[in-house]
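Visitor: Got a structure for you, written out below as structure tokens; questions coming shortly.
The values are calculated or read from the model by the stated rules, or taken from the named source; none is laboratory data. Note that the coordinates shown come from a computational prediction; the quantities given were computed from them, not determined experimentally. With ideal geometry, Cβ positions are generated from the backbone for all residues, glycine too; neighbour counts draw on all protein chains shown. Surface accessibility is based on the protein's heavy atoms, side chains included, excluding ligands, DNA and RNA. Shrake-Rupley method; radii C 1.70, N 1.55, O 1.52, S 1.80 Å.
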Amino acid sequence: MVYGVTYADADAEYNDADAVIFGVPYDHTASFKAGAREAPTAVRRASYNFEEFHFEHGLDQNQPVVCDYGNCDDFILPEDMIEEVKFAVGPCIREGKFPIVIGGEHSATIPVIQSFDSKKIALMTIDAHLDSRDEYMGTPNSHACVTRRAADHIGIENCCAVGVRAIGREELERDDVIPHVTAFEVFDHGIEWAVKKALDGFKADKVYLSIDIDGIDPAYAPGTGTPEPFGLTPYDVKKAINLVGDRLAGFDVMEICPPADPSGITSVLGARLINEALAVLGKNLRQ
């Protein structure tokens, strides 16, 4: 049940919806700045900023049909959060609907990926960090372990992080390094090259795209828990969503930290990226 503000134009009933929005107000493994638990509400409020017509796509906001299912309950332990997200989001995935998740910290992506058939989905993240540690600060389900836990479920060949520019030594000095494209390679070769490299490496056809907002340079997205300079531009990410195209099977925006951004521009950007994913879904459904 939804309490408080809902996402703009996401007023359909669940059974009628093509896409379903879930909020995960969780940030208990935050390692620098906490506050991402406030993002689902902030992003929903920011969603009312935009025109209802996506002129570059020739689509109205009500294409596709969207339901805002509200927020998952908050828990302290990441393992409890994971079970809650599986309980909430799992049926949406199994029923063939398009999940959109608003974090919260990036660990909330773990149960979403685990809710997909392991042989039918790949994960592409846009992230400043590789997030491939076996465990971090005492838990294997930290926001720093997202791609490693995803690889446990879908295979390392179906994971790729784009825009990375901060990697721990222990993440590279191992035989099973998570595939990645650095931000510096994106600058040199372009976002089209980077996304193609990621997509060409996947064995699965469908792709879940996870946006850690710190993948974007903090000049554009200062409201995040772990800001890292030399990041991608918002337009890079807009293009990446469209380049995934008809392979897109789900989407999230994670790690927006409203207390770190009094201007609110990071939440506005997060909402606009969700709208972009919805526009791509609308085009896919129309074809």
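Visitor: Among the candidates E56, E84, which residue alone is open to solvent by less than 40 Å² (accessible area, probe 1.4 Å) and not basic (K, R)?
Guide: Unique residue meeting the criteria: E84.
Visitor: If I ask for residues that are closer than 21 Å to D18 by Cβ and not in a helix (DSSP H, G or I), which ones from segment 231-266 would you list?
Guide: Hits for segment 231-266 are L248, A249, G250, F251, D252, V253.
Visitor: Taking segment 141-171 only, how many residues are touching a Pro at 6+ places or on another chain (Cβ under 6 Å) and more than 21 Å from A194 (Cα to Cα)?
Guide: Going through segment 141-171 one residue at a time, the tally reaches 1.
Visitor: I'm told C145 meets every condition in (1) more than 17 Å from E228 (Cα to Cα); (2) open to solvent by 10 Å² or more (accessible area, probe 1.4 Å) except one. Can you identify the failing condition by its number?
Guide: That leaves (2) as the condition not met.
Visitor: Out of the residues in segment 148-177 that are touching a Phe, Trp or Tyr at 6+ places or on another chain (Cβ under 8 Å) and closer than 28 Å to T233 by Cβ, which is most open to solvent (accessible area, probe 1.4 Å)?
Guide: That would be R165.
Visitor: Hey, another quick one. Pairs under 8 Å by beta carbon, first residue farther than 23 Å from N141 by Cβ and without any contact (Cβ under 8 Å) to a residue 24 or more places away in the chain in segment 30-56, partner loosely packed, with under 15 Cβ neighbours inside 10 Å and not aromatic (F, W, Y), six or more apart or different chains?
Guide: These pairs meet every condition: F53/D60.
Visitor: Sticking with this structure for a sec: Among the residues of segment 9-49, what is the count of those that are of a type outside the set (D, E, K, R), over 22 Å from S210 (Cβ atoms) and in a loop (DSSP other than H, G, I, E, B)?
Guide: Summing the residues that are of a type outside the set (D, E, K, R), over 22 Å from S210 (Cβ atoms) and in a loop (DSSP other than H, G, I, E, B) in segment 9-49 gives 1.
Visitor: Something else now. Quickly run through segment 59-74 and pick out the residues that are part of a loop (DSSP other than H, G, I, E, B), in contact (Cβ under 8 Å) with a residue 40 or more places away in the chain and either open to solvent by 10 Å² or more (accessible area, probe 1.4 Å) or over 21 Å from N284 (Cβ atoms) (or both).
Guide: Of everything in segment 59-74, those that are part of a loop (DSSP other than H, G, I, E, B), in contact (Cβ under 8 Å) with a residue 40 or more places away in the chain and either open to solvent by 10 Å² or more (accessible area, probe 1.4 Å) or over 21 Å from N284 (Cβ atoms) (or both) turn out to be Q61, N62, Q63, V65, C72, D74.
Visitor: Could you list all residues from segment 110-128 that are open to solvent by 40 Å² or more (accessible area, probe 1.4 Å) and touching a residue at least 60 places away in the same chain (Cβ under 8 Å)?
Guide: Once the filter is applied, which keeps residues that are open to solvent by 40 Å² or more (accessible area, probe 1.4 Å) and touching a residue at least 60 places away in the same chain (Cβ under 8 Å), segment 110-128 yields K119, K120.
Visitor: From the set of residues in segment 91-109 that are out of contact with any Pro (no Cβ under 8 Å at 6 or more places or on another chain) and not in a loop (DSSP other than H, G, I, E, B), which is surrounded by the most Cβ atoms within 10 Å (Cβ to Cβ)?
Guide: The qualifying residue surrounded by the most Cβ atoms within 10 Å (Cβ to Cβ) is A108.
Visitor: Might you check whether a residue that is within 19 Å of the chain's Cα centre (by Cα) and surrounded by fewer than 17 Cβ atoms within 10 Å (Cβ to Cβ) occurs anywhere in segment 35-47?
Guide: No, segment 35-47 contains no residue that is within 19 Å of the chain's Cα centre (by Cα) and surrounded by fewer than 17 Cβ atoms within 10 Å (Cβ to Cβ).
Visitor: Now a separate question. Return the residues of segment 237-256 that are over 14 Å from the mean Cα position of the chain (by Cα) and open to solvent by less than 30 Å² (accessible area, probe 1.4 Å); say none if nothing qualifies.
Guide: G245
Visitor: Filter the helices (runs of 4 or more DSSP H) completely within segment 126-192 down to those with at least 1 residues that are touching a His at 6+ places or on another chain (Cβ under 7 Å).
Guide: 146-154
Visitor: Then there is this: Checking I113 against (1) more than 20 Å from A277 (Cβ to Cβ); (2) assigned to a helix (DSSP H, G or I), which test does it fail?
Guide: The single condition I113 does not satisfy is (1).
Visitor: Counting just the residues of segment 178-227 that are among the acidic types (D, E) and open to solvent by 50 Å² or more (accessible area, probe 1.4 Å), which one comes out nearest to A271 (Cα to Cα)?
Guide: That would be E192.
Visitor: Out of all the residues in segment 7-16, which are open to solvent by 40 Å² or more (accessible area, probe 1.4 Å) and modelled with pLDDT of 95 or more?
Guide: Once the filter is applied, which keeps residues that are open to solvent by 40 Å² or more (accessible area, probe 1.4 Å) and modelled with pLDDT of 95 or more, segment 7-16 yields E13, Y14, N15, D16.
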